[in-house]
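Everything on this sheet refers to the single structure shown next.
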Amino acid sequence: MEPIQIHHRRTALVAIDLQRGIVARQTAPHPAAQVVVNTARLLTIARQRGLFVVLVNVDYASDGGDRVSRPCDQPAPPGAFSADWAALVPELHAQPTDYRITKHQWGAFYGTDLDLQLRRRGIDTLILTGIATNIGVETTARNASERNYAQIFVEDAMTALSAAEHQMSVSTILPRLGAVRSTAEVAAALEKREP
């Protein structure tokens, strides 16, 4: 694999659904806590280097009326969420300069102003982290690809509900949409001077 180069002013770090209700779930192959640690490491460097940071969470109206509901074999579990379900985990150390997106479905583009905010800042490259690899991250990645963004996926700063789901995304889908790299590789690229 070729080393990645990151143009700080043209790159955004987008962290997907690292919120209390999702981080509390059992994940694989990486524990959710490790995904949070790895993402927090990259967020610290990204903020120091002046990257645009986007923190995404998913939430729904109290009546659930804005949840996507369709017939399928594995529907989302019914019921209400806890009061802090959608709150970002404190380990991300959210800053006033971070841009916040609340989505109401899997992807961070549909029904939000994410694309507008990225384009206004001249951003053409996204670094993606989060949970779940094959749901929120992959859907956002597919949407970003349709909009012609270059993408870097941080394999050990994302995870799924099963190792098989994660592996399917990182070995089959995401390499067709961008570069799959480790936290260490992305951190090293971020710490270099801009090319």
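Cut-off is 10 Å between beta-carbons; in what order do 168, 158 appear when sorted fewest neighbours first? Each step should come with its number before you reach the end.
On the way: 168 16, 158 30.
In increasing order of surrounding Cβ atoms, one gets 168, 158.
Here r is the Cβ-Cβ distance between residue 34 and residue 1 and R0 is 22 Å; the resulting FRET efficiency, rounded to 0.05, is 0.50. With a cut-off of 13 Å between beta carbons, the residues surrounding residue 188 carry a summed charge of +3, where Lys and Arg count +1 and Asp and Glu -1. Between residue 142 and residue 113, full extension at 0.36 nm per residue minus the direct alpha carbon distance yields a gain of 8.8 nm. Distance distribution note for the chain: the fraction of Cα pairs above 23 angstrom is 38%. Taking the chain as a Gaussian network, Cα atoms linked when under 10 Å apart, which of 71, 29, 90 shows the biggest mean-square fluctuation? The residue that fluctuates most here is 71.
So what's the net charge close to residue 177: Lys and Arg +1, Asp and Glu -1, counting the other residues with Cβ under 9 Å from its Cβ? Result for the neighbourhood of residue 177: +1. Averaging Cα coordinates gives a centre for the range 13-73 and one for the range 137-195; these two points are 14 Å apart.
For the peptides 44-50, 122-128, what is the packing order when you average, over each peptide's residues, the other Cβ atoms within 10 Å and list the highest mean first? Write down the numbers at each step before the final one.
Numbers: 44-50: 15.7, 122-128: 21.6.
Most protected by this proxy first, the peptides run 122-128, 44-50.
For n ≥ 4 DSSP H runs only, could you compute -39500 (n - 2.57) per run for the chain, divide by its residues and tell me the 222 nm figure to the nearest 500?
On the way: 6 runs with 53 residues, N = 195.
Helix-only estimate at 222 nm: -7500 deg cm²/dmol.
Values quoted throughout were computed directly from the atomic coordinates according to the rules given, and no laboratory measurement underlies them. Since the structure is predicted, the reported quantities are computational estimates derived from the model, not experimental observations. As a convention, Cβ positions derive from the backbone with ideal geometry for all residues, glycine included, and neighbour counts pool all protein chains shown.
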